[in-house]
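Working notes for the structure below.
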Amino acid sequence: MDLQRKLRVLEYPALEGFNVTDFSCLQLLVNWLEDSKIRFYPIDQRGGFKTEDKWWDTLSKYLTDLECPHAHCISAPQDHCPEVISWLLSTAISLEYNDNAAELNARSAANTPAASAEDESISPGFLEALHSFADLLHIPHTGDVLGLLQSIKTEIARHVELPPERLARTAHLHLAELYKSKAFVENLLTGKLESGIRTGDTHLDTAAALLRLLYIRQLREQQTRVNNCLATLQDATAQPKVDASLGKVGY
Amino acid sequence: MLGEDQPTHYQPSGRTFAQEREFITKIGPVQYEIAPGFVPNMRVPATFYVNSQLDHLIFEELEHFTRSGGFGFLPAVKQMANVASLPGIVKRSIGLPDCHAGYGFSIGNVAAFDMDDPEAIVSPGDINCGVRVIRTNLSEQDVAPHKEELAQALFDHIPVGVGSQGIIPTSMDELDAALELGMDWSLREGYAWPEDKEHCEEYGRMLQADPRAVSSRAKKRGRTQMGTLGAGNHYAECVVCVRRRRDGALEVDNRLQMSVFACRVTAITGFSLFPHPTSRSWGGGVSSPQIQVVDEICNPAAASHMGIEFTGQPTMGGERLHIPSAACRGYVIIPQRDCLCMNSLRNSNFLDPLGVVMLHKRDLGSRGFGHQVATDALIEMEKAVSEEKTVLNDKQLACAKIGSPIGQAYLKGMSCAANYAWVNRSTMTFLTRQAFAKVFTCAPDDLDMQMIYDTSHNIAKVEEHMVDGRPHRLLVHRKGATRAFPPHHPLIPVEYQCTGQPVLIGGTMGTNSWILTGTEQGFDTTFGSTCHGAGRARSRNNSRRNLDHRDILEALARQNISIRVASPKLVMEEAPDSYKDVNAVVETCHQAGISRKCVKLRPIAVIKG
């Protein structure tokens, strides 16, 4: 997904059908990147990329010359194709941006007013929440709310590969295991214990109940840490004493 | 309770009972509203909750008052209406089903004052009486052979009765630290476990406490009384639930598990340290620890939360939260070993033998110390009221503006008294754990004597509530009422996030006690409050005149309840007949939706001061 986006940004002509595990696709892409975007070697030194035999060695040397920070990729690039390609694409994008910074910035500036006009109907509270959510998912955000929502949707879809019903069931089992108490999870999900949220939509209610469970578990762990900390301090301070001779019952 | 034995002179309305009754409308199956005009200057309406079993007590009291031409005790309904006339009150003045006449405020009265209103007031009263529940892993079967021994051990360990003095040596400096730190002091000194703090309202410490706001006279009274039960309606009791046998092999059946949850030993002891700030000497009555059995489980899911999940197999954690607390060391009088009790548990026919000790301490809150704090404040406030020429319907409703120096000083002193009450309850918990350890020759930790919860009954606290659809900071006065926060409220412990806050309702000698849970509806309508006990049906004087203590003790013995009494002649003041039917009170709260029934308990042993 990540690669596709970068390829689109670079307007890679063979985007359709690109497969990172396919050697010919890789060869084509790397050659294209060096020829038209990165242009690190002079044209007469790019021969190594044209031969299939020593292609991986050439790539390895190429990465070293480019000062690629991922040492493990450099020594055996064939085992780390996605990372290598992703890094190469990022490098290409960065170079491309440097070449056309002025033009691109001007274009971006022109777009900004339109975006903020669109935002006027959105409450600042929502935006703030959206941005912190995006931060959680490591999605950079600009003024484009719609785009950001789409990125978030895409990112979540990446993680969630199961249909909602199966997901709920899996999560349910997982949590029951986590809490060591099937009854507790059952009670919460069937409404015997209150999740505090009733929307009328079963899936949404289940999701809310599951979030509650996760939150409560996190809270429990934190409280346990606090209790342990207090108990440790008690080792140093506690000295309970009783003097029965002081006791007096009644008048 | 506070001043109930003192007649008051009140400007009569000149209305007949029928005319007075017209101001009171039934607005729900168990709810009545008192319209403005019932007493002068009402700013908001008053409302109270009673069912058909209890309403006659309220109306008879009013009828008696109107017949006497406005002399004698002010009835609870008039007191609720008077509270509705206090400056800064919001929404309504609320009377709970156990409501009865008190001093200024009625007992069982909830009122909230807007912190952002400069005119809003704070009114002194009892401080932090409360109840706490401790569970054990003992079954009723385990306790039965040791019942007398246990009652005696509790009686020996917890000094009870009027003028009793505690066995925890405390210097004045230490007292100051305790007043400031509350349960943190108990924790530091090793009288409490870290989990105790977790399961206490306010985490057992009010941060605005300032010992300098407390008179030296109050401190002198407080120093020697730490860890004593006191007298009056202060008592400790143990409750045990009846266990059902498991048929055949282990079955994973929720219902079966729930019924087993009902089979735990519970012990309830109620302590409240602050008698009433009146001229009546504190602790005129009797205190009684009781041992009870759980009679009925009304909400199995929530009940399971208060028992099993929090002891051996916490719902949240997976592994048992065994904390090698230094505090435990002090408790182990007898070396840990596999005692008879543990063996019997292991061989038991029962599924998951788990017990609960419930310490219910009613007037054992802040004891002489708290009484003095409140009395000191009352004198100051009466002076302020006359200086500021504040118009009050009832001079017993002495109060001060929250923001005034007197109001602020009271809140600081009150916080100290509240902290003292928590220290006192923690100390008694320590002594109870010690008593159990002695009888069962087992460390309290091995008896799993974890605290389920500690609720306060008389306290004013700053809380956030919705008023007219917006959040407001309110000073919520609960006089003889219990906080009952709903599920998912941030101020309740993590275990109770899904059940709502446990509400511990101590009955009287020989009657049921209850554990309820808070609800969302209660949060909306009563500022998250519910009843606190049975509530008096007749005054102490009346009880003394009409009841014989021997009959009461015999009646308890007939119910197979072990009894230890320090002052037998004071028993009749706290006799079940002196109180309303706690089951009716609880039923009303349940019906009104302001709290939910969870567990019903039945006593098997009582210890009174």
### Message
Are there any residues in segment B:480-526 with a reduction of at least 40 Å² in accessible surface when going from the isolated chain to the assembly of protein chains? Probe 1.4 Å, please list them by number.
### Response
B:488, B:494, B:498
## Note on the structure
Using alpha-carbon positions, the gyration tensor of segment B:84-127 gives root eigenvalues a ≥ b ≥ c; with a/c under 1.5 called rounded, otherwise prolate if a/b exceeds b/c, else oblate, the class is prolate
### Message
Could you tell me the calculated FRET efficiency between residue A:99 and residue A:229, based on Cβ-Cβ distance and R0 = 56 angstrom, to the nearest 0.05?
### Response
0.50
### Message
Using amide H atoms built in the peptide plane, which far-off residues or other-chain residues are under 5 Å from residue B:134 H to H?
### Response
B:267, B:269, B:357, B:358, B:359, B:452
### Message
Need one number: buried accessible surface between chains B and A, 1.4 Å probe, both sides summed, DNA, RNA and ligands left out, in Å² to 100.
### Response
3900
### Message
With the cut-off at 23 Å, tell me which of the pairs A:241/B:220; B:412/B:597; B:78/B:395 have Cα atoms farther apart than that.
### Response
B:412/B:597
#### Entry: segment A:4-52, Cα convex hull volume normalised per residue, Å³
74
### Query
With every protein chain present, what accessible area does residue B:577 have (1.4 Å probe, heavy atoms only), rounded to the nearest 10 Å²?
100
### Task
Quick one: order A:224, B:455 from most to least accessible surface, probe 1.4 Å.
A:224, B:455
### Query
Roughly how many Å² of residue A:68 are accessible to a 1.4 Å probe, to the nearest 10?
10
### Task
Averaged over every viewing direction, what's the projected area of the C-alpha convex hull for segment A:1-114? Give it in nm², one decimal, please.
8.2
### Query
Between their Cα atoms, which of B:461/B:580; A:37/A:61; A:6/A:153 are more than 21 Å away from each other?
B:461/B:580
### Query
Roughly what % of Cα-Cα distances in segment B:417-545 sit above 21 Å, to the whole percent?
54
### Message
Tell me the accessible surface of residue B:27 in square angstrom (1.4 angstrom probe, heavy atoms of protein chains only), to the nearest ten.
### Response
90
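The values are calculated or read from the model by the stated rules, or taken from the named source; none is laboratory data. Keep in mind that this is a model prediction, so the values were computed, not measured. Please note: Cβ atoms are built from the backbone with ideal geometry, for glycine as well, and neighbour counts cover all protein chains shown. In case anyone asks, the SASA skips ligands and DNA or RNA and just uses the protein heavy atoms, side chains included. Shrake-Rupley method; radii C 1.70, N 1.55, O 1.52, S 1.80 Å.
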